[in-house]
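Structure first, commentary second.
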Amino acid sequence: VALAEKGVRYQHRPVAPQSDDAAFRAASPMGKIPAIEHDGFRLADSSAILDHLERLTPQPALIPADAQGAARARWFDKFGDTELFGKLIVPFVERILKPNMMGKPPDEAAVTKALDADLPPLFDYLE
């Protein structure tokens, strides 16, 4: 999304998390997505990638220039990684990954807990 917003041409090569693809693992030794390679420079982690892109292509800026705006943007990024993602992924794992890729039944109780108890306070905070 950042590349598109900045108008930077790129080649998207989808890989699954933990893929054994050698080029992907060269950029992401821990097997996490996203990862990027640019002129031989390899990097994983969406926050680090965005910081790299902001420095390479400063305009249009996706991170505010002022100290408070930049700190707030980084806080929301961290909030997404540390607070939101673990709860948000539950319905996807249970209803998509488990039945379609693992051959296991979903844990609907976990989905209900995520949707009814865990996520609403996080969404309220974001509102």
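With only Lys, Arg, Asp and Glu charged, each at its Cβ (+1 for the first two, -1 for the last two), find how big the charge dipole of segment 1-120 is about the Cα centre; round to the nearest 20 debye. Numbers along the way, then the final one.
Numbers: 15 positive and 17 negative charges, 35 e Å.
Its charge dipole is roughly 160 debye.
Could you tell me what % of all Cα pairs in segment 81-127 have separations over 14 Å?
The calculated P(r) of segment 81-127 puts 50 percent of pairs beyond 14 Å.
Residue pairs exceeding 27 angstrom between C-alpha atoms, taken from Lys78/Lys104; Lys6/Lys98; Lys6/Lys78; Lys78/Lys113: Lys78/Lys104; Lys6/Lys98. Close amide H partners of Thr57, meaning residues 5 or more places away or on another chain with modelled amide H under 5 Å apart, do not exist here. Selection among Leu62, Pro120, Ser46 by position relative to the dipole of the chain gives Ser46 as farthest towards the positive end (Cβ unit charges, Cα centre). Length gained on full extension, Thr57 to Ile33: 6.5 nm, using 0.36 nm per residue less the C-alpha separation.
Return the equivalent ellipsoid semi-axes of segment 41-98 as a descending list in whole Å, where each equals the square root of 5 times an eigenvalue of the C-alpha gyration tensor. Show your work: numbers first, answer last.
Working: eigenvalues 153, 48, 14 Å².
For segment 41-98, the ellipsoid semi-axes come out as 28, 15, 8 Å.
Dividing the Cα radius of gyration of the chain by its Kirkwood radius returns 1.02 for Rg/Rh.
Which value, in Å to one decimal place, does the Kirkwood hydrodynamic radius take for segment 3-75 when every pair of different Cα atoms is included?
Working: mean 1/r = 0.0747 Å⁻¹.
For segment 3-75, inverting the mean 1/r across all distinct Cα pairs yields 13.4 Å.
Coordinate-derived values only; no laboratory data. Keep in mind the model is a prediction, meaning the values are calculated, not measured. Cβ sites come from the backbone with ideal geometry, for glycine too, and all protein chains shown count toward neighbours.
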